[in-house]
Every structure is written in structure tokens, then in C-alpha cells.
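Novice: Let me give you the structure first, and then I'll get to my questions.
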Amino acid sequence: MPGMALALDTPVRALPGIGPSRAQALLQAGIGNLGELLKKHIPFRYEDRTRFRSIAQLRKDEEAVLRAGVKSIRRVVTRVKRFQILELMVGDGSGWMMVKYFNQPYLHKVFAEGQQAIFFGAPRSDDYSPGLVLQNPEFEILEEDAEDSVHIGRIVPIYRKVGDLHPRRLRRIVHDVLQDLSDQELPEVLPDNVVRRYGFPSRLESLRQVHFPEPPEGSDPAEFLDQVAARSTLFHQRLIFEEFYRFQLGLLVLRSRRRLVPKQRRIEVNQSVREAVKSVLPFHPTGAQKRVLKEIVDDLTSPKVMNRLLQGDVGSGKTIVALQAQLVVMENGYQTALMAPTEILAEQHQRSYSRLLSETPYRIAYLSSNIKGKQRREALKTIASGQAQLVVGTHAVFQEGVQFKELALVVIDEQHRFGVLQRSRLREKGDRPDTLVMTATPIPRSLALTLYGDLDMSILDEMPPGRRPVQTVLKRGRNRDQVYQLVRRQLAAGRQAYLVYPLIEESEKLDLQAAVEAAERLRSEVFPEFKVGLLHGKLVGAKKDALMREFAEGKIQALVATTVIEVGIDVPNATVMVIEHAERFGLSQLHQLRGRIGRGPHESYCILMVEGRLGRDARERLEVMRQSSDGFRIAEKDLELRGPGEFLGVRQSGLPGFLFANLVRDHKLLQAARLEAEQYLEQLEREGGTNPRNLARLIQRWRREFGLSEVG
Ligand code: ADP
Ligand code: MG
């Protein structure tokens with residue numbers, strides 16, 4: 001494209017060879033202009049085409065790039081299964097070998113005798129041909145331009161195909177675009193001092209090198225290639241850092257903007273408030289609980305609106321901290337709400353709050369989708385009039401029609417699945433209430449910064465005294481009798497047990513059936529002398545509530561349950577948990593489940609039942625569970641094993657789609673970028689740059705860049 005002035009917003013249509021149909025295919029892949037081409041379609045791997053492995057040097061099962069001539073082509077159809085095999089005999093001067101493609105008949109037309117081609121794959125031996133064989137290797141045919149320096153004699157990028165645009169074609173296009181772009185098109189976005197300190201190359205240079213890496217003079221080629229593969233060259237790092245920096249800056253700007261307007265209410269902590277708060281405590285708070293309560297109360301009494309995340313391991317005692325903060329608010333004459341993600345949990349909170357507040361003058365209103373008609377109208381009335389100072393419930397608390405008199409504090413319990421996007425919808429009630437979000441289990445730092453980077457953070461890093469780690473063992477199905485013996489002994493001693501069955505969406509019906517049948521059998525054959533209950537998500541709310549109450553009161557000894565018990569349930573007398581098909585659960589989920597036991601003074605046991613052959617990940621997960629009870633460590637490991645999307649367990653996770661960055665691989669850069677963004681904003685504040693207008697502009701740009709249009 002010589003002579004053409006290219007800019008990042010030049011549409012791809014303007015490129016030679018891109019007609020309407022290819023432009024359409026690119027657009028479908030999210031690539032409308034050159035900026036998107038360069039940033040959204042980065043190579044998924046690189047190939048060193050400076051030195052090819054010779055056929056003579058190939059080793060079995062070791063990936064290699066070779067360049068060879070096609071000597072002969074043969075099509076074979078196997079008699080038994082009617083496989084179509086295309087067999088190429090290829091040579092490179094050092095020797096000959098067979099390349100085979102299975103059931104891709106069109107390749108017959110692609111290859112021709114006398115061609116030069118590049119193959120990438122791991123050679124194997126098979127029973128049908130002598131020596132090593134390449135099966136279905138990736139390939140690229142070298143055309144007339146066989147010595148073209150774009151495709152050969154360098155480390156080349158390998159792109160995913162888009163429409164009918166093959167990697168080779170894309171390589172040429174990207175190469176030419178990068179040649180023709182100038183630095184003016186990609187102005188620096190990081191503060192000068194950051195660029196200098198880190199020694200970052202320019203954005204254009206970084207993009208060039210990410211697409212076409214060139215080993216620096218005197219570097220070791222193999223080492224360089226490793227760096228490229230690990231995305232750890234300075235060029236990769238620069239783009240990753242930049243992405244994190246911009247995202248973090250956006251979050252911090254959000255936070256800064258929320259603090260611009262002081263809140264109108266006044267909350268004080270005097271002696272009588274202090275005494276009221278103390279009076280509800282059934283035990284001595286841990287040091288961590290005291291520290292965190294102070295962090296929260298400092299926010300409540302400050303003129304800035306609180307947006308705080310409280311992280312703590314399962315059983316670290318988040319609830320009582322929340323209740324104390326809420327008491328401070330009520331003592332000052334304001335209302336407060338507590339929202340839980342499930343009906344069961346909301347009802348449990350309702351029960352324990354009623355108990356803890358029984359000696360106080362405060363009245364609780366309960367809201368959920370099960371509360372209808374007259375009951376709901378009554379509740380709404382007490383909320384609107386201020387007769388109810390505390391509202392407990394599910395998401396129903398935030399539905400339309402719920403009008404508070406003076407809502408000052410919202411506590412959202414166990415929302416480890418709420419991203420910045422979802423949360424912004426919850427802030428509409430009242431005069432910007434202070435908000436405390438509590439996670440069910442710890443979240444790895446990199447994810448916490450991404451999902452909750454607009455919040456301040458409090459951490460409960462101490463367990464209430466007297467907790468003993470839960471003894472965790474792995475058992476096979478054939479040892480089931482032995483496992484039931486253990487359960488029986490515990491039940492006979494007056495303790496209670498959970499028997500957990502997996503229930504996943506894809507096989508919901510079968511899973512549910514398995515749980516129902518198991519409950520039947522346990523009830524009639526295994527533990528006929530005890531009361532066995534069955535709890536699952538398909539039960540109506542009232543039934544669930546009744547079951548949970550019976551279990552909490554000890555009227556049911558063994559509770560068969562699908563994972564609806566996962567979050568937050570608190571029955572300290574339960575000391576055994578048997579988790580069936582433990583290999584099917586994620587690490588954090590297992591940790592969360594296990595957190596239901598070991599809550600009282602008695603020794604507790606978690607038995608992970610496994611079936612069938614375990615994959616490597618499953619084995620590793622279960623081993624971590626056996627060895628560790630540290631939720632922070634388990635969360636990091638879980639993230640490492642499953643990646644952020646799976647870790648969060650939902651598609652709508654509120655995670656931004658990073659182009660270069662990877663939260664697991666690049667967590668150190670994320671922390672560095674966060675620090676730099678904080679410092680930049682502090683400087684901006686000092687210089688008076690954090691006025692509403694500036695912040696609004698920054699937020700708008702940020703939303704567009706990360707596709708978070710709804711975040712407010
Ligand atoms: P989580 O942080 O998982 O929500 P909870 O708030 O449900 O934990 O508390 C777990 C259990 O520990 C509850 O039974 C609670 O009453 C108890 N607990 C909380 N704090 C303390 C403490 N300081 N001393 C003794 N028991 C405590
Ligand atoms: Mg809890």
C-alpha cells in the first residue's frame with residue numbers, strides 16, 4: 001500500500017485484496033479497522049523460520065518446523081473404516097519422510113508435486129509407514145515468493161484464520177500495515193515517567209515486534225523465542241501493562257468520581273452507639289474483626305460514600321461485622337439493607353439477625369420473590385415509613401416498588417460473582433448509600449483488582465479461635481461402607497452430616513434424579529435409625545426454609561443436598577460432609593462446601609468421593625483440598641488451574657475482554673499498573689484535574705475501550 005496514508009481508524013475495506021465479503025468476515029471477528037486488526041488479532045503462536053529442523057534431526061513427539069519439497073502425493077482409502085488419507089512423501093536433502101492428512105479430501109487439490117512447503121507438528125511413528133510420520137501437521141505452501149522475507153528467514157506470526165483469509169494472507173496484510181503506519185498514529189498514552197522508568201518502547205514499535213518479533217543483536221535465539229512464546233519480551237509487556245493501566249485508571253476514576261459529592265447524612269459513634277454495638281456480640285471479636293469494623297465505621301462516618309469489599313475466608317465471621325456496622329447506622333436513625341444471593345441464605349440471615357437483635361428496639365422487614373400479596377404490601381409499608389430499620393432479603397430488595405425512608409448502608413453478602421457492571425445497577429436506591437460487598441470465599445488478587453478495583457478492600461485474615469482444620473480424605477466408591485460407618489458414628493454421637501451430590505446445568509435432570517434416589521436409599525437402607533432430609537434447588541422456598549430450619553435445630557440428622565448448600569449455611573453441629581463425585585467440582589466450590597463444617601468445637605471430616613479415572617487437573621484439585629485449608633491459597637490455585645472465566649463460573653462474569661493481558665500469567669504487571677494508575681490519579685487530584693468534567697470524559701473513553709457501556 002505504498003503512498004497510502006494509513007490510520008488506526010482506516011477501515012479494513014481500504015486494504016488491497018479486502019472486498020465486501022472479506023470485510024464482512026473480518027467485521028464478524030470484531031475487526032472493522034486497522035487498529036482492531038493489529039490489536040484484536042494478535043498471533044496465537046510464532047514459528048522460527050530462521051532455522052528449520054532437518055528431517056534427519058527430527059525426534060519423536062518433539063514439535064518442529066521443517067521446510068521440505070513435496071516429491072509425491074498419494075490418496076488412500078482404508079478398507080475397514082473408509083478413512084481417506086492423503087500421503088505426501090517430502091524431502092529436504094537430509095532425508096525423506098511421510099506426511100499424512102486424514103479425511104481432508106480437499107487437500108488433494110492444495111498440494112502439488114514439486115512444491116516447497118513448511119510443516120509444523122510433532123512427528124510420531126505409526127504402524128503403517130517406516131520411520132517418523134507427521135500426522136495432520138499445520139502447513140504453509142511456499143509459492144513463487146518462496147524467499148519472501150515476510151514469510152521466511154524470520155520469526156513469523158501464526159494467526160487464526162478469518163473467513164477465507166489464511167494465516168499467510170493475514171501475515172502479509174499485517175506486515176504491510178505495520179510498515180506504513182507512523183508513530184503519530186499511535187501517540188503515547190502512559191505517563192512519561194512510567195515509560196522512562198520501565199524503559200518501554202513506543203506503542204507502534206511494540207505492535208511491530210509483537211507481530212514480527214526480531215531477536216535483538218547478540219541475543220540467544222532459543223532464549224528469545226521462549227520469551228516471545230511466554231509473551232515476556234519488553235514489547236509484549238508494554239502492551240499488557242498499557243492495557244492493565246488503562247483499565248485500572250478507569251476503575252480508579254469511577255471511585256474518585258463517586259467521592260466527589262459528599263453525602264448528606266451524618267453518622268456518629270458515641271458511647272451509647274458503642275455500647276449498643278457491643279451488646280449484640282455473643283462472643284469476643286477477633287483482632288481482624290475489630291480492625292475491619294473500624295475500617296468500615298471510618299467510612300460510614302466520613303463524608304465520602306463508602307464502596308468497600310470485605311474479603312474473608314469461609315467461616316471467618318463476616319456476618320457479625322456486617323451486623324455491627326448496620327447497628328451503627330440504625331443507632332443513628334437510618335435504615336440499612338442486607339442482601340443475599342439465595343433464598344435459603346436470606347432466610348438464614350433473617351433468623352440469625354432476629355435472634356441477635358431480639359434485645360434491641362429494631363424491626364426487620366423481609367423481602368424475597370416468595371413474599372407476595374398482603375405480606376409484601378405490609379413489608380413495603382414498614383420500609384417506606386421507616387418502621388423497619390433493617391431490610392433483609394434476596395435481590396427483591398432492589399426491585400422496583402421498594403421505597404426506603406432513609407437508606408444509609410447496603411450490605412451485599414456472598415456476591416463473589418458480581419462484577420463492576422452488575423453492581424452499578426444496585427446503587428440507585430436512596431441517597432447514594434454506603435455499600436459493603438462481602439465475598440463468599442477469597443478472590444485472587446488479580447481478579448479482585450479487576451472485578452472490584454473500584455472498591456476499597458478490607459480483609460478478614462484471622463479465624464475465630466478454637467477452629468480445628470477439617471480432616472479431608474479421598475475415597476473410592478468401593479470404600480463407601482467404611483465412609484457410611486464414619487458418618488453413622490458421628491450421627492450417633494449427636495453430630496450432623498451433609499451428603500452432597502453434584503448438580504450441573506448440562507445434566508441437571510440426571511443429577512437431580514441421582515440425588516433423589518440416593519436420599520431414598522440412605523433413608524431406608526443405610527441410616528434407617530436417623531432422620532434424613534433432601535434439599536435441592538427445585539423445592540419451593542417454604543419447603544427449603546422448613547428443611548433448613550429442621551436441620552439447624554437438629555431435627556434432621558443427615559442432609560442430602562445438591563450444591564444449594566454451598567454458600568453461607570451455618571450449622572455448627574454439622575461435622576461430616578461426604579461429597580459425591582468430588583472430581584466434578586471446582587476447587588473454590590469444594591472449599592466453599594467444606595466450609596459448612598468445622599464451624600463448632602468438634603473434630604470435623606470431609607470425605608471426597610471420587611469415581612472413575614481422574615484427569616490431571618482433577619487430581620491436582622483434590623490434592624490441594626487434602627493439603628490446604630487456606631482459602632486465599634486455594635483461590636489462587638483454582639484461578640491458575642481454570643482461568644478467570646471458569647473460576648467465576650458464569651459467562652456474565654463482568655470481566656473485561658483483555659486483548660493482550662492475561663490475568664493469571666501477567667498478575668505482576670497488573671499490580672504494577674495498578675500502582676502507577678493510583679499514583680497518576682493522586683497527582684491529578686493534587687493538580688486539581690479531578691473535576692467532574694475531566695472524570696466524566698475519562699470514564700466515557702474507558703467504557704468505550706473496554707465495552708463496559710453500562711457501568712456508572
Ligand atoms: P462467614 O465469614 O463465612 O460468613 P460467619 O459470619 O457465618 O462466617 O461466621 C461463622 C461462624 O463463626 C458463625 O457461627 C459465627 O457465629 C461464628 N463466629 C464469628 N465470629 C466469631 C468469633 N469472633 N468468635 C467465635 N465465633 C465466631
Ligand atoms: Mg457468610
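Novice: Just to check I understand the Karplus step: with θ = phi - 60° and J = 6.51 cos²θ - 1.76 cosθ + 1.60, what whole-Hz values come out for the range 79-93, glycine and proline as x?
Specialist: Per residue, the Karplus-derived 3J(HN,Hα) values read 6, 6, 9, 6, 6, 9, 10, 9, 10, 10, 9, 10, x, 9, x Hz.
Novice: What is the distance in Å between the Cα centroid of the range 280-320 and that of the range 61-92?
Specialist: Comparing the Cα centres of the range 280-320 and the range 61-92, I get a distance of 67 Å.
Novice: How far, in nm, would the chain grow between Ile141 and Ala230 when pulled straight, counting 0.36 nm per residue and subtracting the alpha carbon separation?
Specialist: So the chain would gain 29.3 nm between Ile141 and Ala230.
Novice: Would you please classify the overall shape of the range 595-637 from the alpha carbon gyration tensor, given that a ≥ b ≥ c denote the square roots of the eigenvalues, rounded means a/c under 1.5, and beyond that prolate means a/b larger than b/c while oblate covers the rest?
Specialist: Judged from the Cα gyration tensor, the range 595-637 comes out oblate (a/c at least 1.5, b/c at or above a/b).
Novice: With the full set of protein chains in place, find how many percent of the accessible area of the range 178-263 is carbon and sulfur; take the probe as 1.4 Å.
Specialist: 49
Novice: Subtracting the Cα-Cα distance from 0.36 nm times the residue separation, let me have the gained length for Lys509 to Thr78 in nm, one decimal.
Specialist: The span from Lys509 to Thr78 would gain 151.0 nm if fully extended.
Novice: Here is a follow-up. For q values of 0.12 Å⁻¹, compute log₁₀ I(q)/I(0) with the Debye formula on a Cα-only model of the range 556-689, without solvent.
Specialist: Each listed q corresponds, in turn, to -0.63.
Novice: Okay, next question. Taking 19 Å as the cut-off for C-alpha to C-alpha distance, list the pairs among Lys290/Lys318; Lys475/Lys531; Lys318/Lys538 that go past it.
Specialist: Lys475/Lys531; Lys318/Lys538
Novice: If R₀ is 51 angstrom, what is the calculated FRET efficiency for the pair Ser272 and Gln28, using the beta carbon separation as r and rounding to 0.05?
Specialist: 0.20
Novice: Can I ask one more? Heavy-atom accessible area of Ile42 with all protein chains present, probe 1.4 Å, nearest 10 Å²?
Specialist: 40
Novice: With a ≥ b ≥ c taken as the square roots of the eigenvalues of the C-alpha gyration tensor of the range 654-702, please select rounded if a/c is under 1.5 and otherwise prolate if a/b is larger than b/c or oblate if it is not?
Specialist: Cα axes put the range 654-702 in the oblate bin.
Novice: How about the range 34-69: which trypsin sites (Lys or Arg not before Pro) there are in a DSSP loop, with at most 15 other Cβ atoms within 10 Å of their Cβ?
Specialist: Arg51, Arg59, Lys60
Novice: Still on this structure: Using the alpha-carbon centroid of each, what span in Å lies between the range 332-353 and the range 554-625?
Specialist: Centre-to-centre distance over Cα atoms comes out at 25 Å.
Novice: Can you put Arg208, Arg701, Arg549 in order of accessible area, largest first, using a 1.4 Å probe?
Specialist: Arg701, Arg549, Arg208
Novice: Please list His284, His395, His211 from largest to smallest accessible area, probe radius 1.4 Å, with all protein chains kept in place.
Specialist: His284, His395, His211
Novice: While we're on this one: Given R₀ = 41 Å, FRET efficiency for Arg197-Glu623 by Cβ-Cβ distance, to 0.05?
Specialist: 0.50
Novice: So, in nm, how far is label Glu214 from label Arg701 when the simple model puts each one 7 Å beyond its Cα toward the Cβ?
Specialist: Between Glu214 and Arg701, the label points sit 3.1 nm apart.
Novice: To the nearest 20 debye, what charge dipole does the chain have about its Cα centre, counting +1 at the Cβ of each Lys and Arg and -1 at the Cβ of each Asp and Glu?
Specialist: 1980
Novice: Given a 1.4 Å probe and heavy atoms of the protein chains only, how would you sort Thr78, Thr233, largest accessible area at the top?
Specialist: Order by accessible area, largest first: Thr78, Thr233.
Novice: Using a 1.4 angstrom probe and counting only protein chains, how large is the accessible area of Arg259 in Å², to 10?
Specialist: 70
Novice: Let me ask something else about it. Report the full-extension gain for the segment Arg476 to Tyr106: residue separation times 0.36 nm, less the Cα-Cα distance, to one decimal in nm.
Specialist: Here the answer is 128.3 nm.
Novice: In the full protein assembly as shown, how much of Arg594 is accessible to a 1.4 Å probe, in Å² to the nearest 10?
Specialist: So the heavy atoms of Arg594 present about 10 Å² to solvent.
Novice: Order of 382-394, 522-534 by packing, highest average Cβ count within 10 Å first?
Specialist: 382-394, 522-534
Novice: Only four residue types carry charge here, +1 at the Cβ of Lys and Arg and -1 at the Cβ of Asp and Glu. Report the dipole size of the range 255-326 about the Cα centre in Debye, rounded to the nearest 20.
Specialist: The dipole magnitude comes to about 440 debye.
Novice: Is the shape of the range 151-235 rounded, prolate or oblate, going by the alpha carbon gyration tensor and its root eigenvalues a ≥ b ≥ c, with a/c under 1.5 for rounded and a/b larger than b/c for prolate?
Specialist: oblate
Novice: Express the Stokes-Einstein translational diffusion coefficient of the chain in µm² s⁻¹, to the nearest whole number, given a Kirkwood radius over alpha-carbon pairs, 4 °C and a viscosity of 1.567 mPa s.
Specialist: 44
Novice: Further question: Find the eigenvalues of the gyration tensor of the Cα atoms of the range 56-99, then list the square roots of 5 times those eigenvalues as equivalent ellipsoid semi-axes, largest first, in whole angstrom.
Specialist: In descending order, the three semi-axes are 24, 14, 7 Å.
The values are calculated or read from the model by the stated rules, or taken from the named source; none is laboratory data. Since this is a predicted model, take the numbers as computed values, not measurements. Heads up, the Cβs are rebuilt from the backbone with ideal geometry, glycines too, and the neighbour counts pull from every protein chain shown. Just the protein is used for accessible areas: all its heavy atoms, side chains included, with ligands, DNA and RNA removed. Shrake-Rupley method; radii C 1.70, N 1.55, O 1.52, S 1.80 Å.
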